[in-house]
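Below: one structure, written as structure tokens.
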């Protein structure tokens, strides 16, 4: 399965070939991992593909603002999941 198929299967209550992986990574740890991967300037898509992620989770640096938390909770309640960006490849 492609990452997109994997995530969509789970969202549609189907069984994927493996559990989709997506995670928010602390910017300092991301920088260290990118250096370990040999390219400190890699973009989000390159980084998450190298990491083996199926989706990219975005969190603004001000994600702790009450309005952002409430918006995420509303999305979770309405759609059953938190907002994520799915890797289309």
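The values are calculated or read from the model by the stated rules, or taken from the named source; none is laboratory data. Quick caveat, the model's predicted, so the values are computed rather than measured. In this analysis, Cβ positions are derived from the backbone assuming ideal geometry, glycine residues included, and neighbour counts consider all displayed protein chains.
Observations
- From the options 69, 40, 56, residue that is at pLDDT 70 or above, surrounded by 10 or more Cβ atoms within 10 Å (Cβ to Cβ) and more than 24 Å from residue 1 (Cβ to Cβ): 40
- Contacts under 8 angstrom Cβ, first residue in segment 20-45 being touching a residue at least 40 places away in the same chain (Cβ under 8 Å), partner assigned to a helix (DSSP H, G or I), 6 or more apart: 22/7
- Index of the failed condition, residue 74 passing every other in (1) at pLDDT below 85; (2) surrounded by 12 or more Cβ atoms within 10 Å (Cβ to Cβ): (2)
- Of all the residues in segment 10-47, those that are out of contact with any strand residue (DSSP E or B) (no Cβ under 7 Å at 6 or more places or on another chain) and not in a helix (DSSP H, G or I) number 20.
- Screening residue 81 with (1) within 17 Å of the chain's Cα centre (by Cα); (2) in a loop (DSSP other than H, G, I, E, B); (3) modelled with pLDDT of 85 or more; (4) within 21 Å of residue 1 (Cβ to Cβ) gives one miss only, at (3).
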